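The values are calculated or read from the model by the stated rules, or taken from the named source; none is laboratory data. Keep in mind that this is a model prediction, so the values were computed, not measured. Counting neighbours? That spans all protein chains shown, and the Cβs are built from the backbone with ideal geometry, glycine included. Only protein heavy atoms, including side chains, enter the accessible area calculation; ligands, DNA and RNA are left aside. Shrake-Rupley method; radii C 1.70, N 1.55, O 1.52, S 1.80 Å.
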Amino acid sequence: MIPAHPVISPVYRRILLSIFFIASLVIFLLIFPLISDLLVMLIVSIIITYVMKPGVAHFEHLGVPRVWAIAGVFVLTAVVIVVSLRFFIPVLIDQGFLLVAILKDIDFNAYYTSVVSWVDIRLPGFSDWVGMGQDQMQDWVGKFTSTVSAFLQQSTKLLAGAMNVLMLSAVVPMLIFFFLKDGSLFVKNLIEKVPNRFFEMSLSLVYRVDQQLGNYIRSILVESLVIGLMTWVSLEILGIKFAIVLGLINGLLNTIPFFGPLIAYFPIGLIVLITYDPPLVGLVWMIIILSAIQIFDNILAKPFLIGRSVDVHPATVLLVVLVGGRLAGALGMFIAIPAYKIIQVIVVDSYNHLKEYKII
Amino acid sequence: MNEQDDKMKTESYTTEVDWQPVVISKEKRDIDIKEILTSLSLFSKLSQRDWRELSDLFHQRIYSDGEIIFEYDTPGLGMYIIIEGSARVLNIDLGGVKTEVAILNKGDFFGEMSLVEEVYRSATVNAIGKTQLVGIFRPQLKDLMHRRPKLGLLLMERLAIIIINRLREANRRLAESRDRIRELEAK
């Protein structure tokens with residue numbers, strides 16, 4: 001006699017799911033400050049594991065035993081890091097510091113006053129009408145500066161905390177090693193604890209989520225790298241200063257769908273305006289280059305690398321990025337969408353599997 | 001007849017269980033499992049390294065009497081081998097009527113088609129008495145094929161032979177049934 005499965009009505013199911021989501025979110029928000037360092041460390045390890053995994057599989061494919069395959073990938077990664085430290089990072093740091101020094105020396109108030117007076121000559125009384133008087137501006141600049149610095153400080157604190165742990169204990173490489181070596185055994189042991197009724201569903205779910213996450217993380221990293229390199233090379237060719245920093249900014253912002261590439265125009269535009277002579281020519285070139293890169297990204301890179309997996313509504317992107325920013329500053333904004341994507345894949349696939357296996 | 005046989009098997013199995021020591025060491029259990037699995041053509045004559053690699057993929061499950069192992073029309077993920085106990089295979093026709101088609105025992109395996117292709121289960125299988133199974137599943141096999149293509153190919157080849165043999169047997173039975181029907185119609 002086959003026992004009949006309990007049937008939950010759709011209304012109750014929705015209520016239960018909503019309660020579950022809200023409760024999970026509240027718990028996450030509550031415990032996040034306590035475990036943020038560890039969480040960042042764990043996420044970093046998982047991301048690097050996903051990046052290294054195909055390399056290990058490739059070595060194994062060639063007949064190399066797993067431990068040696070992992071060692072081989074570690075050595076290759078070390079070579080990449082050493083080469084970056086030798087050639088790429090110093091240039092990046094130099095450019096970064098120089099840029100910060102230039103930005104510090106600029107009198108934004110003077111710029112603003114000249115712009116407002118330019119508008120005032122053409123539209124008399126405009127600045128008073130919109131409440132953009134000199135005092136108001138001082139106030140706004142003050143608020144903006146403190147918000148930005150607090151925002152960056154939060155990220156830096158979070159990153160510094162994780163980096164501290166990283167440097168002191170070298171936990172991340174060890175975690176990556178064990179994830180690569182025994183990750184599948186760990187999953188197997190975990191699934192062994194699952195009740196029989198959910199066993200096949202859980203196994204299928206774990207492998208699907210693993211596959212999707214791996215593809216997503218690898219594709220988004222490759223995409224950002226390609227965009228960053230393209231920006232760097234094209235700006236360098238045009239003789240725009242700080243091309244490497246601008247490439248990094250564009251590559252990073254590209255991880256935020258819809259808004260990231262748009263936001264990128266502002267910091268890059270500002271730097272071009274300050275450093276390029278004549279500024280307007282530089283600005284036009286920059287707009288042409290960034291737009292061309294975006295067209296390339298949307299027509300060729302994204303469909304090829306990510307496919308339809310970036311199916312996130314613009315409103316959701318905005319909300320998620322804001323929540324990420326609130327939780328972990330600028331760093332949070334960058335990892336918000338990948339983190340949301342991870343949760344979305346898990347939740348959507350879990351729901352589909354529960355239905356397919358006739359559990360709900 | 002089937003029911004009586006089934007009852008007898010279940011009873012003899014229960015007696016066997018009663019005489020087993022209460023605690024079986026993990027090593028002993030693993031040796032038993034290895035013995036049963038290597039007696040199957042699918043896993044026989046493998047090198048030590050291949051066996052080690054393969055045994056990492058096996059999932060051991062224990063089902064109680066009547067518990068469903070998998071259900072008709074759910075996604076098939078892999079095959080199971082019976083290590084201890086028995087399993088009942090139930091076919092479900094379009095009208096939803098369940099018919100018992102086979103009783104499987106120690107050393108038998110089922111669900112092998114879904115190791116090759118993503119198919120929905122064509123039958124419901126449930127445990128008779130306490131049943132211990134070892135399962136091997138498609139995602140892990142695919143991963144193994146990518147990492148260790150030689151071993152993966154060997155397993156796929158053996159699996160193909162098993163499926164071909166089962167198809168041949170099904171064709172033979174079908175031909176026999178046709179002959180029988182013709183004979184009955186002639187009478």
**Request:** Pick out, from the stretch A:219-310, the helices (runs of 4 or more DSSP H) lying fully within it that include 1 or more residues that are out of contact with any helix residue (DSSP H, G or I) (no Cβ under 7 Å at 6 or more places or on another chain) and open to solvent by 60 Å² or more (accessible area, probe 1.4 Å).
**Result:** A:259-275, A:279-296, A:302-305
**Asked** Pairs under 6 Å by beta carbon, first residue in contact (Cβ under 8 Å) with a residue 12 or more places away in the chain and within 7 Å of chain A (Cβ to nearest Cβ) in the stretch B:55-78, partner in a loop (DSSP other than H, G, I, E, B) and crowded, with 19+ Cβ neighbours inside 10 Å, six or more apart or different chains?
**Response** B:Phe70/B:Arg121; B:Thr74/A:Tyr357; B:Thr74/B:Arg121
**Message:** I'd like the full set of residues that are more than 14 Å from every other protein chain (Cβ to nearest Cβ) and touching an Asp or Glu at 6+ places or on another chain (Cβ under 8 Å), limited to the stretch A:207-225.
**Reply:** A:Glu223
**Prompt:** Can you find a residue in the stretch A:73-81 that is within 14 Å of chain B (Cβ to nearest Cβ) and either in a helix (DSSP H, G or I) or open to solvent by 50 Å² or more (accessible area, probe 1.4 Å) (or both)?
**Reply:** yes
**Prompt:** For A:Pro257, which of the numbered conditions (1) modelled with pLDDT under 90; (2) within 12 Å of chain B (Cβ to nearest Cβ) fails to hold?
**Reply:** (2)
**Request:** Scan the stretch A:170-185 for residues that are within 14 Å of chain B (Cβ to nearest Cβ), hydrophobic (A, V, I, L, M, F, W, C) and surrounded by 15 or more Cβ atoms within 10 Å (Cβ to Cβ) and jot them down.
**Result:** A:Leu180
**Request:** Would you check which residues across the stretch B:45-54 are surrounded by fewer than 16 Cβ atoms within 10 Å (Cβ to Cβ) and within 11 Å of chain A (Cβ to nearest Cβ) and list them?
**Result:** B:Arg49, B:Arg52
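Of everything in the stretch B:126-138 that's under 13 Å from B:Met79 (Cα atoms) and not small (Gly, Ala, Ser), which residue is nearest to the other protein chains (Cβ to nearest Cβ)?
Filtering the stretch B:126-138 for residues that are under 13 Å from B:Met79 (Cα atoms) and not small (Gly, Ala, Ser), the one nearest to the other protein chains (Cβ to nearest Cβ) comes out as B:Phe137.
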**Request:** Among the residues of the stretch B:97-125, write down those that are within 11 Å of chain A (Cβ to nearest Cβ) and either farther than 13 Å from B:Thr74 by Cβ or exposed (fewer than 15 other Cβ atoms within 10 Å of the Cβ) (or both).
**Result:** B:Lys98, B:Glu118, B:Tyr120
**Which numbered condition B:Leu42 fails, given (1) surrounded by 19 or more Cβ atoms within 10 Å (Cβ to Cβ); (2) within 13 Å of chain A (Cβ to nearest Cβ); (3) not in a strand (DSSP E or B)** = (2)
